[in-house]
Each structure stands twice: as C-alpha cells, then as structure tokens.
1. Out of all the residues in segment 171-190, is one or more more than 30 Å from Asn483 (Cα to Cα) and either among the β-branched types (Val, Ile, Thr) or modelled with pLDDT of 95 or more (or both)?
2. Mind checking which residues of segment 264-279 are part of a loop (DSSP other than H, G, I, E, B) and buried (at least 18 other Cβ atoms within 10 Å of the Cβ)?
3. Could you tell me which of the residues Met359, Met383, Met370 is open to solvent by less than 60 Å² (accessible area, probe 1.4 Å), outside any helix (DSSP H, G or I) and either assigned by the TED database to the domain that holds Gln225 or of a type in the set (A, V, I, L, M, F, W, C) (or both)?
4. Residue by residue through segment 40-54, note down the ones that are under 18 Å from Ser69 (Cβ atoms), assigned to a loop (DSSP other than H, G, I, E, B) and not hydrophobic (A, V, I, L, M, F, W, C).
5. Val237 - would you say it is crowded, with 19+ Cβ neighbours inside 10 Å and in contact with a Leu (Cβ under 8 Å, 6 or more places away or on another chain)?
6. Just one of the numbered conditions (1) in contact with a helix residue (DSSP H, G or I) (Cβ under 7 Å, 6 or more places away or on another chain); (2) at pLDDT below 85; (3) not polar (S, T, N, Q) is not true of Leu524; which one?
7. Among what's in segment 22-39 and is open to solvent by 70 Å² or more (accessible area, probe 1.4 Å) and in a loop (DSSP other than H, G, I, E, B), pick the residue that is modelled with the highest pLDDT.
8. Surrounded by 13 or more Cβ atoms within 10 Å (Cβ to Cβ), over 18 Å from Phe193 (Cα atoms), modelled with pLDDT of 95 or more and hydroxyl-bearing (Ser, Thr, Tyr): does that describe Ser256?
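The values are calculated or read from the model by the stated rules, or taken from the named source; none is laboratory data. Predicted, not measured: the structure shown is a model, and the values here were computed from it. Note that each Cβ is placed from the backbone with ideal geometry, even for glycine, and that neighbours are counted across all protein chains shown. Please note that ligands, DNA and RNA were not included when accessible areas were found on the heavy atoms of the full protein model with its side chains. Shrake-Rupley method; radii C 1.70, N 1.55, O 1.52, S 1.80 Å.
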Amino acid sequence: PGQAEMYAGLQELGVANGEDLKETLTNCTEPLKAIEQFQTENGVLLPSLQYALPFLDLHGTPRLEFHQSVFDELREKLLERVSAIALEGKVEERYKKLEDLLEKSFSLVKMPSIQPVVMCVMKHLPKVPEKKLKLVMADKDLYKACAVEVKRQIWQDNQALFGDEVSPLLKQYILEKENILFSNDISFLQNFFSPSPKTRRQGEVVQKLTQMIGKNVKLYDMVLQFLRTLFLRTRNVHYCTLRAELLMSLHDLEISEICTVDPCHKFTWCLDACIREKFVDNKRARELQGFLDGVKKGQEQVLGDLSMILCDPFAINTLALSTIRHLQDLVGQDTLPRESPDLLLLLRMLSLGQGAWDMIDSQVFKEPKMEAELITRFLPLLMSFVVDDHTFTVDQKLPSEEKGPIPYPSTIPEAFTKFLQENRIACEIGLYYILHITKQRNKNAFLRLLPALGKFLSHLLFCDVCLFVLVTLLSNGSCRKENVHRHVLRLLLHLHHKVAPAKLESLQKALEPTKQSGEAVKELYNQLSEKLELVKPSPAEVTETPSMELPLPTVPTPASR
C-alpha cells in the first residue's frame, strides 16, 4: 500500500500523521515553531520526559530511535495483554473486550507496525465480524499475514479458496508416496510398510492439514470430500491412506470436536492398532466386527468411508498378512476356512477395501457379496500348498532309507489360477502367500507358484502398491500403462545379472521409451542401459558361463500396443 493509504487509519483515530505535518509546514511562516508544536502535541505525554529528552540529545540519540524503542516496547506489552484478555474472565466479557479493541484498531491493519496487534486480536476471536473477514480476504497481503485461526473462519465459507490451499499439499503427499514406490534405490524396497502409523502421520502434509483444520468440523468434512473426489477421479489408494492418517492425527491431539462426530473414528482407531502390530488378533477382530455389524439402517453411507479406510494399502497389507497367518494356523488345527470366524472377518474387510472405489462410484452403500467358492475352494487349495510344503520338509528330515520317492509337487490346479485371474481378493491373498514363501527363501514353493505370477496382472495393473510388492518380492504381462513400464525397469535394474544375455537384449529393446514416455521412464531406462554396458560380457564369457535364465515375459512399452 502507498504511504497515504497505509497511514489513513490514523486520521480516523484523531492521530496526526506525516501528511498532516507536511500540510502544516507548507502553510506556516515559522517552520521550527511548527515542528516544535507538532512534537509537543503528538509526542509521549509524560512530564518527566521534558527533561530526559534533551539529555538523550546530548548523547546523540535521535528522537526517532527513542520513540521507536518506546513504540516497540508498548506493542509487546499490548500483544501480551491481548493474549491475557483472551483467557481471563467470563467468555462473553472477554470477547466483548476483544471485539471493541478490534473495532478501534482495525483501521490501522495495513500499518506494518500496528498490524501484528490487529492480527493478534482477530486470532483470539472465535468469530471475527464477517465484514472484516471479507476485507482481509480481498487483500492478498492481509490474507497472507493473518493467523491460521482467522483463515479457518474465511475458509469455512469459501470452499474454493480452501481447495486452493489444500490442493498443493495433496499433490505433495501423493508425490512423496510415489517417490518411494518408484524408487530404484534398493534400500527403499523394504521400507514402504516399515514406519509405524504414528510415525507416518508426523509427516509434513498430515501435520499441515491437521493444523489447517484445527477443531473445525466443516473444514474436516471439506477435506474428506476432496479425498473422496480425488480417489474417485484417480483410483489412487494413497488418498485412502491420507483419510485414515488425518483422522488419527486429530485423535492424537484429542480433538474430540471432530473425533466424536466422525462415525469411523473408533473403527479406524482399532484398525490403526492392528496396522501397528501388522496383525489382527482375536480381541481386535471382535471389536472390528462389532463396528461393522453396528452400522444401522439409514446410516449405510458410512460404509463408503469405512471401505476407503480399509482400502488404505497399509490396512490391506495388515489384513492380507493376517489372512496368511490364520491359514497356516488352520492347517495346524485341522480346521476348514469356513469354520474360522476371524478368517471370515478378514475376508469381509478385504472385500470392503477392494470394493471401495465401486461403492463410492455407484453410491450404493452395501457390503460386496462374498463369493462362496473363495472360502470353500480357493483357500483350501492354498492350504493344500502349505500341507504339501510341510509334508516335503518332514520327508527331507527322515533318514534316507525312510524317505518317500515323491518329489516336491510342481503343478498348480487349474482352479487356483482361474481364481487368481477372476477374483481380486484371491489375487491379493495369492500375492501375499508368494511374498510369504519368498521371505522364507522357500525355493521349491516359489518355483511351483512362479508360473501363476502372470495371472496376477489382470488385477494389479492399476495398483502401484501391488506392483511394488511384486517387484520387491522378486528383488530380495504386457500392458500399455506407464506405471507397469516403470516397475519392470526397476525390476531389471536389480535383477539384470540373473537374466540370460539374449533375453536381456530383447527386453531392453522392448522397454525402450517412446516419444510419449514420461521423464521418469526415460531416466530409469538410461540407468538400465548404463548398467548393462558396464557388465556386458565378452562372447567368450557367454559361451563358457551360461547365465541363469529368469522366466520374465517380454513386456512391450506402453505406447507400442
């Protein structure tokens, strides 16, 4: 603002400013007397100062420096007093005092020296007069300078403005997640699911959103609506993670104003404890089931939010790991899957999570119907693999004369691969079972199930987290999608030394970026090319030392089909 605009408020308060002095000096015949009179009328009205100021003059201290020092001190005292008023006396009285103070001081809000006091008064008012809020919102500098407590009052009636503030944070959050998933640094491969939920929600974006929302239910609902809309538009499951993390961040701060009105709070709190332990125990399983069974008629819409929370990759990871562990326990107990209530609940929650997008898209808030054969056929088949593995292990430990002649099974029932192709939950559980045997370094079981990996692709093409798990699993089909292109390049960066040279050459050619490929794909491809150049064997070495063939399919680039 210009000088005249900046100091205009002083005239409203009957305080002279620079313009008044200029006018006085322009129209007077004795300037020195006019200045002296101006100083007397507008200086600090303290009798003892009449003798102190000349003393300061003798020491060469400018009057401006003295007055600025007094002004700064008084401003600090006033700021302290405003903060004290906001806490003392009856609520009505304290806010009446602050409103009166705001009324008197608001005309000076553009004065840099006074602005902090005006902003402090507004900060402590739970309801700033609408007229003043509009004036702040209309001035970019004032809007930027006001406290988040004031901005909340502006945002709650201006969804578009709030969206503009939140949007960069949501983009940053998604980018941070994808940077981990698409990292070609081997140290990141095991780290996506490692941080505890409480550690994850200390991240910059979650903390900023938590601060922006404060105790304002309306702003919280707006953020949830943004997340639902973006999840619907993009299918990106990281928005589901943020939905859960935001609620639990408010829970950590004991923001009861929000937690008590979010019907998902207790369910999310219980699930959060399961994610922390990476297991759903019997007690928590009963609690989670109680929440799901407690959804009353007419309140079915809450299933949309519950399904989003269950679609969070960290929730899916916990449910899938718990399912594998339960299946192993059932083998030991000689019990069928349909006889285990805890296992049926895990499948119910996996089904809700997997169906989140469809439910929100269709706005039909009903739990997806569980396919009976998943429980009666697919899971028993998976358990039979566990039995085969145990039987072979026991057989290997027997003395040689007692060993059976049967080798490790190498075939997979056709029904099993059909389930992987047609059922999303079967695909998820199958993937985690393969992850489980890989972690155990169970070569026989892995080689038996390796041909089934290709069947996963039909359900995993749009899920970066699943592809991440798959690539990570192979690190320690054909598709047009750039995300698959990137994950295959990541895979080759770590396993190229295990692939036969002839296969490598064809893969390198097939994975060459096109003009439409993004920068990330091109960068990964360049890194792969550099690595392959460094380890390129001589013709003699190839014939002498045959490479270990890894059965990877030739994957065309996203734009080549």
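1. Here is the first cut: in segment 171-190, the residues more than 30 Å from Asn483 (Cα to Cα) are none.
No, because not a single residue in segment 171-190 is more than 30 Å from Asn483 (Cα to Cα) and either among the β-branched types (Val, Ile, Thr) or modelled with pLDDT of 95 or more (or both).
2. Cys264 - this is the single residue of segment 264-279 that is part of a loop (DSSP other than H, G, I, E, B) and buried (at least 18 other Cβ atoms within 10 Å of the Cβ).
3. Met370
4. Gly43, Ser48
5. On the way: crowded, with 19+ Cβ neighbours inside 10 Å: yes; in contact with a Leu (Cβ under 8 Å, 6 or more places away or on another chain): no.
Taking the combined requirement at face value, the residue does not satisfy it.
6. The failed condition is (2).
7. Glu30
8. Judged against the criteria, Ser256 is not a match.
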